[in-house]
Amino acid sequence: MALTRRNCMNHPERAAIGICVITQKPICGECATRIDGVNYSKEGLRILQERRNTSRGKVDWKARLFVMALVIAVPFSAALLFQFYEAGLHFMVDMDQMEW
Ligand SMILES: [Zn+2]
């Protein structure tokens, strides 16, 4: 039995010129978009775009978390420092009031 020739997933009457690297489906010259010597189908390009958006979203989320951490950490550490400073002052006052 002869192997069935692979035809384009969108055009069954056309022979596929390549396989999309994303979807692994055969595609014809019209359906293929060649980027850096690699074939992408329209569906593959869409998936690629979604992946890029997702990874960009993750970076934004991390950056936002970092900014949020800074916003929380800076006043917190400032308040902590102030408390130490105040405690230090009280300690010094107590020392002054102490009778040796
Ligand atoms: Zn096609």
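Rule-based calculations on the coordinates, nothing more; no lab input. None of these values were measured; they are calculated from a predicted model. Cβ atoms come from the backbone with ideal geometry, glycine included; neighbour counts cover every protein chain shown.
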* Structure fact -> Expected vector for the stretch 74-91, Karplus 3J(HN,Hα) from phi with 6.51, -1.76, 1.60 and θ = phi - 60°, integer Hz, x for Gly and Pro, equals 5, x, 5, 5, 5, 5, 5, 4, 4, 5, 4, 4, 5, 4, x, 4, 4, 4
* If you average the sequence gap of Cα pairs under 8 Å that are 6 or more apart and divide by the length of the stretch 18-97, what percent do you get for the contact order? -> 18 percent
* Structure fact -> The answer for the net charge of residues other than residue 10 whose Cβ lies under 12 angstrom from its Cβ, with Lys and Arg +1 and Asp and Glu -1, is 0
